[in-house]
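The values are calculated or read from the model by the stated rules, or taken from the named source; none is laboratory data. Everything numeric in this text was worked out from a predicted model, so none of it was measured. Cβ coordinates were reconstructed from backbone atoms using ideal geometry, including for glycine residues, and neighbour counts include every protein chain displayed.
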Amino acid sequence: MGAAAQPLTGAPAAEALLEEAARRAAALPAAPHLALVRVGDDPASVAYVRGKAKKATQVGLSSQVHALPEATAQAEVLALLAALNADPAVSGILVQLPLPAHLNPETILTAVDPRKDVDGLHPVSTGRLWTAQAGLRPCTPAGVMALLAFYGVPVAGRRAVIVGRSALVGRPLAALLLNADVTVTLAHSRTPDLGAVTREADLLVVAVGRAHLVTPEMVKPGATVIDVGINRVPTEDGKGRLTGDVHPAVAEVAGALTPVPGGVGPMTVAQLLMNTVLAAETQRQEAAGE
Ligand code: NDP
C-alpha cells in the first residue's frame, strides 16, 4: 500500500473564491444581483436554490428567487427571462435544472442574455469558451480549475483524461484545460478499455455519476484525481450517504484526490457567485462605454 493521497478539500479553495467575489462585489457601485429562477418543487432544486441565495447574501450580493409553479407554460418562463434580461439591476440569471418535462431546456437556456449567463451554458458562452475568448464559464468546470489553481497543481503540458462528456461538466472542462495548455482526452460510455485510457492521465477527472466506477488499477501512481461525481448509495439505517465516482482505495495510488462530499461541490456555488460578480463588472464597463 502506498502513502495516502493529498486530500484536495474544497472548503478552503471555495472560501478563497468567495472572499475574492466579496471583495470585487464591494468595489462595484451597486451590489451585483443574482436572479434565481426555479420551476416546480423538486426538493433537491428547492434546496440548491435556497443554498445559492444564502451564499449570495454572505458575500454581499443581492438575490431573488423567482419560484414558478410546476405547470408554468414555456411562454411564461420566457416572458420572465425577457423581463430579467431587460432589467439593468439584474446582473446574472440562473435557471435551476432540471426543468419539468414539458419545458425545453435548450430554448429556455438560450433565452438568457449571454451577458447575464452566469451558468455559462448559453451557446454563445460555449462558443466563446471553445474559441478561447473571454466569457462566462460553466460553474462546475470553472470551479475545478479554481481548485487546481488553489492547490498549485501544475496543469500546462500535462496529460489529462476526463471521463464523462456532458455539456455541464466534461465538455466545458475539456475546453478549459485545453485553453490552459493541457493535452486532453475525453472518455465516455463508448470508450473501450477505459482503464487503459485513464492510466495515461497525470490529471484524471471523473464526471460520470456511477459510484466507484474508477478503481485503483485504473489510476497512474501519483496522478491527481478529481472526483466530480455525487452518488447517493444505500446505508443500513436507510438514510443513504453520498459517495463519488472514484473508489476510496484510489487514495492509495493517487498523489492527490478530492473528497466526496466536500471536494468539487463547494466550488460550484462559489464559482456561480464569482460569475455574477464578473457579469456585473462587464456590464458596468459596457455601460461606461469602456
Ligand atoms: P451526465 O449523466 O450528463 O453525463 C455522464 C457522462 O458519463 C456521459 O458522458 C456518459 O457517457 C458517461 N458515462 C456513463 N457511464 C459511463 C461508463 N460506464 N464509463 C465511462 N463513461 C460513462 O452527468 P453530469 O455530467 O451532469 O454529472 C456527472 C456526475 O457529476 C453526476 O454524479 C453529478 O451528480 C455530478 N455533478 C456534480 C456537480 C458538483 O457540483 N460536484 C455538478 C454537476 C454534476 P455518454 O455520453 O456516452 O452517455
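Got at least one residue in the range 119-127 being out of contact with any helix residue (DSSP H, G or I) (no Cβ under 8 Å at 6 or more places or on another chain) and either at pLDDT 95 or above or within 20 Å of N85 (Cα to Cα) (or both)?
Looking only at the range 119-127, we keep the residues that are out of contact with any helix residue (DSSP H, G or I) (no Cβ under 8 Å at 6 or more places or on another chain), and these are 127.
After this cut, where a residue has to be either at pLDDT 95 or above or within 20 Å of N85 (Cα to Cα) (or both) as well, the list is 127.
So far as the range 119-127 goes, yes, one or more of its residues are out of contact with any helix residue (DSSP H, G or I) (no Cβ under 8 Å at 6 or more places or on another chain) and either at pLDDT 95 or above or within 20 Å of N85 (Cα to Cα) (or both).
Can you work out which of the residues in the range 262-288 that are under 19 Å from the mean Cα position of the chain (by Cα) and assigned to a loop (DSSP other than H, G, I, E, B) is nearest to the ligand (Cβ to nearest atom)?
By that ranking, first place goes to V264.
Is it the case that G60 is without any contact (Cβ under 8 Å) to a residue 40 or more places away in the chain and either closer than 24 Å to M145 by Cβ or in a loop (DSSP other than H, G, I, E, B) (or both)? Step through it out loud before you land on a result.
Numbers: without any contact (Cβ under 8 Å) to a residue 40 or more places away in the chain: yes; either closer than 24 Å to M145 by Cβ or in a loop (DSSP other than H, G, I, E, B) (or both): yes.
It is true that G60 is without any contact (Cβ under 8 Å) to a residue 40 or more places away in the chain and either closer than 24 Å to M145 by Cβ or in a loop (DSSP other than H, G, I, E, B) (or both).
Regarding L148, is this residue outside any loop (DSSP other than H, G, I, E, B), free of Cβ contacts under 8 Å to residues at least 24 places away in the same chain and within 16 Å of the ligand (Cβ to nearest atom)?
Against the criterion (outside any loop (DSSP other than H, G, I, E, B), free of Cβ contacts under 8 Å to residues at least 24 places away in the same chain and within 16 Å of the ligand (Cβ to nearest atom)), L148 does not qualify.
Only one of A22, A53, A14 is outside any strand (DSSP E or B), in contact (Cβ under 8 Å) with a residue 60 or more places away in the chain, surrounded by 13 or more Cβ atoms within 10 Å (Cβ to Cβ) and of a type in the set (A, V, I, L, M); which? It would help to see each step written out before you state the result.
Working: A22 fails: in contact (Cβ under 8 Å) with a residue 60 or more places away in the chain; A53 fails: in contact (Cβ under 8 Å) with a residue 60 or more places away in the chain.
Exactly one of A22, A53, A14 is outside any strand (DSSP E or B), in contact (Cβ under 8 Å) with a residue 60 or more places away in the chain, surrounded by 13 or more Cβ atoms within 10 Å (Cβ to Cβ) and of a type in the set (A, V, I, L, M), namely A14.
Checking T235 against (1) surrounded by 14 or more Cβ atoms within 10 Å (Cβ to Cβ); (2) more than 9 Å from the ligand (Cβ to nearest atom), which single condition isn't satisfied?
The single condition T235 does not satisfy is (1).
Just to be sure I understand, how many residues within the range 100-134 are of a type in the set (G, A, S), assigned to a loop (DSSP other than H, G, I, E, B) and surrounded by 14 or more Cβ atoms within 10 Å (Cβ to Cβ)?
Step one: filter the range 100-134 for residues of a type in the set (G, A, S), giving 101, 111, 120, 125, 127, 132, 134.
Cutting the leftovers down to assigned to a loop (DSSP other than H, G, I, E, B) gives us 101, 111, 120, 132, 134.
If we keep only those that are surrounded by 14 or more Cβ atoms within 10 Å (Cβ to Cβ) as well, we get 111, 120.
Adding up the residues that qualify gives 2.
When you check T198 against the structure, is it buried (at least 17 other Cβ atoms within 10 Å of the Cβ) and within 27 Å of A132 (Cα to Cα), yes or no?
Details: buried (at least 17 other Cβ atoms within 10 Å of the Cβ): yes; within 27 Å of A132 (Cα to Cα): yes.
Yes: the conditions hold for T198.
Taking the residues in the range 238-264 that are at pLDDT below 95 and of a type outside the set (K, R) as candidates, determine which candidate is nearest to V163 (Cα to Cα).
Filtering first and then ranking leaves G240.
Is it the case, given these coordinates, that D113 is free of Cβ contacts under 8 Å to residues at least 40 places away in the same chain, touching a helix residue (DSSP H, G or I) at 6+ places or on another chain (Cβ under 7 Å) and of a type in the set (D, E, K, R)? Working first, answer last.
Details: free of Cβ contacts under 8 Å to residues at least 40 places away in the same chain: yes; touching a helix residue (DSSP H, G or I) at 6+ places or on another chain (Cβ under 7 Å): yes; of a type in the set (D, E, K, R): yes.
Taking the combined requirement at face value, the residue satisfies it.
Can you find a residue in the range 63-84 that is of a type in the set (S, T, N, Q) and either buried (at least 21 other Cβ atoms within 10 Å of the Cβ) or assigned by TED's automatic domain parsing to the domain that holds A149 (or both)?
So in the range 63-84, the residues of a type in the set (S, T, N, Q) come out as 63-64, 72, 74.
Still in the running and either buried (at least 21 other Cβ atoms within 10 Å of the Cβ) or assigned by TED's automatic domain parsing to the domain that holds A149 (or both): 63.
Yes, the range 63-84 contains at least one residue that is of a type in the set (S, T, N, Q) and either buried (at least 21 other Cβ atoms within 10 Å of the Cβ) or assigned by TED's automatic domain parsing to the domain that holds A149 (or both).
If I filter the range 157-189 down to residues being hydrophobic (A, V, I, L, M, F, W, C) and within 9 Å of the ligand (Cβ to nearest atom), which single residue comes out as farthest from A254 (Cα to Cα)?
We begin by selecting, within the range 157-189, every residue hydrophobic (A, V, I, L, M, F, W, C); these are 160-163, 167-169, 173-178, 180, 182, 184, 186-187.
Applying the additional criterion that residues be within 9 Å of the ligand (Cβ to nearest atom) yields 163, 167-169, 186-187.
Working: V163: 16, A167: 27, L168: 25, V169: 22, L186: 20, A187: 19 Å.
The residue in question is A167.
Taking the condition at pLDDT 95 or above, of a type outside the set (D, E) and in contact with an Asp or Glu (Cβ under 7 Å, 6 or more places away or on another chain), does S91 pass?
Values: at pLDDT 95 or above: yes; of a type outside the set (D, E): yes; in contact with an Asp or Glu (Cβ under 7 Å, 6 or more places away or on another chain): no.
Spelling it out, it is not the case that S91 is at pLDDT 95 or above, of a type outside the set (D, E) and in contact with an Asp or Glu (Cβ under 7 Å, 6 or more places away or on another chain).
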